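The values are calculated or read from the model by the stated rules, or taken from the named source; none is laboratory data. Everything numeric here is computed off the predicted structure, so don't read it as measured data. Cβ coordinates were reconstructed from backbone atoms using ideal geometry, including for glycine residues, and neighbour counts include every protein chain displayed. Each accessible area value is taken on the protein alone, full model and side chains, heavy atoms only, with ligands, DNA and RNA left out. Shrake-Rupley method; radii C 1.70, N 1.55, O 1.52, S 1.80 Å.
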Amino acid sequence: MTSADGVAYIVIMGEVRAVAVDAGEDGVRLDRWLRRRWPHLGQTQIHKLARSGQLRVDGGRVKADTRLKTGQIVRVPPLPDSPPGRSETLSSEDIRFAKSLVLYEDEEVLILNKPAGLAVQGGTKTNRHIDRLLSAWGDGLDRPRLAHRLDRDTSGVLALGKTPKAAAMLSGAFARRRAEKTYWAIVLGNPNPGRGVIDAPLAKEGRGDRELMTPMETSDRRGEPAVSLYATVSRAGPAAAWLALRPVTGRTHQLRAHMLAIDCPILGDPKYNTPASRAASGPLKLQLHARSLAIPHPAGGLIEIKAPLGAEIEAGFARFGFDPTEAGEISFPQPRTYGHGN
C-alpha cells in the first residue's frame, strides 16, 4: 500500500478490532485517541479511514475530530504498519531529556516543567513534542495522559495522569475549577488598578492569515465566558510590570488575549502584541510561565508544585531587574462571578 505522500506501508492483515474508550479518555478526539495507540498513523490516513466508514464509533460513521465518551466502542480496521526504516522508539537522549523535566512523580501522577518552545502535542512540521516524549514512560495505555494544556511558547507546570482513573480525576479537577494555576508574566506598562478581574468573553476570529482569540461583548453569542485574575508583584518604573495571573476559566490563549485587552500585552508575545510591546520586547521570547499548581491528588490530599524559571523568562527578569525570590504571598481579587453562565 502507498500513502498520498508516496511512502510505502505494509498492511497488517488481521481481524477488525473493537476497542472500548476508557474513563481517562473521555472527551478525547478520535484522531488523538488513535495516535496514542498507533503513533505512526498520519492525519491524512485517519481522515481517509473515517471518510470511508472504516472507522466507526458504536456502529456509526464519525469524523476524525469526533469527541469520544467513556464506554464507547471504536471499530478499528486492519492498520498499516510503521513505514520500513522508520522507528517510533525514543533515543536514549530523548528519554534522558524527558525524565529531566520531572517535577513530581508517583504511581498515579506525573508533573513536568515544560520548556518554552516545546509543543505539548504534534502537528504539521512538529515532530518533537511532549506527547511523543511520553513514550519514555510507556506506550499505548501505559502512556501518561495530559490533564490540561500549555501553549508552545509558555513554560512551566504541566500535569498528567499515569492511569486512566488518575487522568480523569485530574482533568475533572481542572474542569470543576478545583485546580489553582498561577502564572508569572512580564507585561508592557503598569495595569491600573494594580490588581483586578478581567471578565471578557473570547471568540476565535480570523485576522489576515491567522486566527486570534478576541474579546466580545457579553451580548455576543460567539464569545465563550473567560475570566482571569491578576495581581502586580513588582514594577520596573512605567516600562513594565511583573504580574501574577490566575485563569478562572480555561480558554485558548486566554491570559495572552486578556492582557492585550487591558492594554498590557505580555512581552515577547508573537501574536497578541502592539507596536509598543514589540519594540519593548526586543529579543525576548514570550514572558509567560506557569509558575505553580495546586490540585487535589487522585488518592487524596493536595499536590502543590512550583516550576523554576526557564531561560526565556529569566532573561526578562534580568532585563528589568526583577528578583523571583521577592514574590512573597500573592493575593488575588475575588471574581464576582465565574463567567457568563459558566
Restricting to the range 185-195, what's the tally of residues that are closer than 14 Å to L229 by Cα, in contact with a Ser or Thr (Cβ under 9 Å, 6 or more places away or on another chain) and in a strand (DSSP E or B)? 1
Test V233 against the criterion of being over 24 Å from R176 (Cα atoms) and either of a type in the set (A, V, I, L, M) or not in a loop (DSSP other than H, G, I, E, B) (or both), and give yes or no. yes
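Residue-wise test of (1) in contact with a Phe, Trp or Tyr (Cβ under 7 Å, 6 or more places away or on another chain); (2) open to solvent by less than 10 Å² (accessible area, probe 1.4 Å).
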position: D220; (1), (2): no, no
position: T232; (1), (2): no, no
position: A236; (1), (2): yes, no
position: A244; (1), (2): yes, yes
position: G250; (1), (2): yes, no
position: Q254; (1), (2): no, yes
position: A257; (1), (2): yes, yes
position: P265; (1), (2): yes, yes
Within the range 29-71, the residues that are among the aliphatic types (A, V, I, L, M) and open to solvent by 20 Å² or more (accessible area, probe 1.4 Å) are L49, V62
Only one of W137, W184 is within 25 Å of G301 (Cβ to Cβ), of a type outside the set (A, V, I, L, M) and either buried (at least 20 other Cβ atoms within 10 Å of the Cβ) or in contact with a Pro (Cβ under 9 Å, 6 or more places away or on another chain) (or both), namely W137
How many of the residues making up the range 154-173 are closer than 14 Å to P298 by Cβ and either buried (at least 20 other Cβ atoms within 10 Å of the Cβ) or touching a strand residue (DSSP E or B) at 6+ places or on another chain (Cβ under 8 Å) (or both)? 12
Contact list, first residue from the range 50-72 and in a helix (DSSP H, G or I), second anywhere and open to solvent by 30 Å² or more (accessible area, probe 1.4 Å) and not polar (S, T, N, Q), beta-carbon distance below 7 Å, six or more apart or interchain, is A50/K63
